[in-house]
Each structure stands twice: as C-alpha cells, then as structure tokens.
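What follows is a set of notes on a single structure, which appears directly below.
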Amino acid sequence: MKKSIIIIAAVVLVLLSAFSAVSGKYVTKGAHINFFSHTSVEDIKADNYKAVSTIDSETGVVIFSIPMQSFEFEKALMQKHYNSKKFLDTQTYPKAKYKGKITNLSEINFDKDGTYQAVITGQMTIKGQTKDSDQKGTITVKDGEVHVTAKTTITLADYGIGFEKGKPAKNIAKTIDVTVDAKYKK
C-alpha cells in the first residue's frame with residue numbers, strides 16, 4: 001500500500017513538473033522598477049527590487065504587481081513625502097498594477113535565443129486610478145531565461161498624484177521616467 005502511494009505521488013509530481021514546464025508562464029519575484037524625476041531644483045530617484053511579474057508566452061498576457069512602499073530613496077524626507085497621504089498614500093494604496101497583452105506576440109519566439117521588440121497594450125493602476133497604458137519593451141531570450149527592459153513616462157496628475165503647494169510641489173516633476181528591468185524564469 002505504501003509503495004503504491006509513493007508511486008502515485010511520484011507520478012503526480014512528474015506530471016505537474018511537465019505541465020508547468022510547458023505552460024509558457026515566466027515568473028520573476030524581483031523585478032527592478034526605477035523612477036526618476038528631474039526639476040531645476042533637484043533630481044529624485046527611487047529603486048524598487050520587489051516587483052512581481054508574469055509573462056504568459058502562449059497568450060501574451062503580462063502582469064506586474066509593484067509594492068509601493070518598497071521604493072528606496074536617497075533621502076529619508078523624500079521617502080516620507082512619497083508615502084504620505086498627500087502624495088501616494090501607500091498605506092491605502094499599497095500596490096501599483098499593470099496588466100497588458102503583447103500585441104505582436106507572433107514576432108516573439110520564447111523558445112529561441114534572440115532579442116525581440118514587444119508592443120503591449122494594457123492598463124496601469126496607481127493610487128486606485130486605472131488608465132490605459134500602452135508600452136514598448138525589449139525581450140531578450142537566452143538559455144531559457146527571459147529578460148525584459150522597458151522605459152516609459154508617467155504623468156502624475158493622471159493618477160491623482162501631486163502636491164499643490166509648498167516645497168515638494170517645486171521639487172517633483174509633473175512627469176516621471178520609469179524603467180523596468182526584469183529577469184524571468186519558467
């Protein structure tokens with residue numbers, strides 16, 4: 001009896017491993033998201049290495065979940081302003097999300113080493129507000145791993161983000177540059 005249970009468990013594990021290997025889903029739990037704001041007063045840069053993302057190579061669905069409190073700043077005061085209720089209110093809105101679909105999926109071969117340009121149509125949610133957000137990025141496939149890089153600009157007012165008066169209003173650009181650098185495994 002014990003032998004048959006062990007055999008059944010082994011068969012189930014083999015089948016699950018085989019299914020996950022051919023499912024076409026690539027995952028990263030440590031995508032790097034960076035944003036940069038430039039004004040004549042100062043530059044502000046923040047890095048986040050805790051974004052989670054999946055890419056389904058069969059359907060083209062791309063999903064990002066970004067923990068907003070994981071952005072690290074050079075100055076503690078910047079981090080305080082960023083997380084405050086008056087700006088991003090990260091207590092109430094702990095995650096930003098992006099869900100999109102690669103529209104030129106037929107031009108990308110996830111099984112062949114190479115560099116491919118991706119066009120993604122989707123929606124970005126920041127601070128509880130969702131907006132259409134079409135993106136372009138580069139997908140590099142090498143030795144079964146997928147590396148995605150992308151750069152975009154976000155207008156803060158589109159997501160209800162901004163200081164109306166005071167020093168922070170002069171120090172933060174109305175649009176910020178965002179870069180993504182993510183390495184995925186099957």
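Quick look at the values:
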read-out	value
Single match in GLY100, GLY114 (criterion: under 15 Å from the mean Cα position of the chain (by Cα), within 23 Å of ILE139 (Cα to Cα) and not charged (D, E, K, R))	GLY100
Residue ID - surrounded by the fewest Cβ atoms within 10 Å (Cβ to Cβ), chosen from residues in segment 60-79 that are closer than 14 Å to LYS45 by Cα and of a type outside the set (A, V, I, L, M, F, W, C)	LYS75
Residues that are within 30 Å of ASN83 (Cα to Cα) and surrounded by 13 or more Cβ atoms within 10 Å (Cβ to Cβ), drawn from segment 102-129	ILE120, THR121, GLY122, GLN123, MET124, THR125, ILE126, LYS127
Filter result (within 27 Å of ALA46 (Cβ to Cβ) and among the aromatic types (Phe, Trp, Tyr)) within segment 80-125	TYR82, PHE87, TYR93, TYR98
Failed criterion for TYR184 (all others in (1) surrounded by 13 or more Cβ atoms within 10 Å (Cβ to Cβ); (2) within 23 Å of ASN83 (Cα to Cα); (3) at pLDDT 95 or above hold)	(2)
Search result, residues across segment 156-172 that are at pLDDT below 90 and surrounded by fewer than 11 Cβ atoms within 10 Å (Cβ to Cβ)	GLU164, LYS165, GLY166
Search result, residues across segment 22-50 that are of a type outside the set (A, V, I, L, M, F, W, C), closer than 30 Å to GLY144 by Cα and surrounded by 14 or more Cβ atoms within 10 Å (Cβ to Cβ)	GLY24, LYS25, TYR26, THR28, HIS32, ASN34, ASP47, ASN48, TYR49, LYS50
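Okay, residues lined up against (1) under 14 Å from the mean Cα position of the chain (by Cα); (2) charged (D, E, K, R):
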{"site": "GLY30", "(1), (2)": "yes, no"}
{"site": "SER40", "(1), (2)": "no, no"}
{"site": "ASP43", "(1), (2)": "no, yes"}
{"site": "ALA46", "(1), (2)": "no, no"}
{"site": "LYS50", "(1), (2)": "yes, yes"}
{"site": "GLY60", "(1), (2)": "no, no"}
{"site": "ILE63", "(1), (2)": "yes, no"}
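Conditions tested, residue by residue: (1) under 30 Å from ASN171 (Cα atoms); (2) not β-branched (Val, Ile, Thr).
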| site | (1), (2) |
| --- | --- |
| ALA51 | yes, yes |
| SER57 | no, yes |
| PHE71 | yes, yes |
| GLN79 | yes, yes |
| GLN91 | yes, yes |
| VAL119 | no, no |
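The values are calculated or read from the model by the stated rules, or taken from the named source; none is laboratory data. Bear in mind that the values here come from a model prediction, so they are computed numbers and not experimental data. Cβ atoms come from the backbone with ideal geometry, glycine included; neighbour counts cover every protein chain shown.
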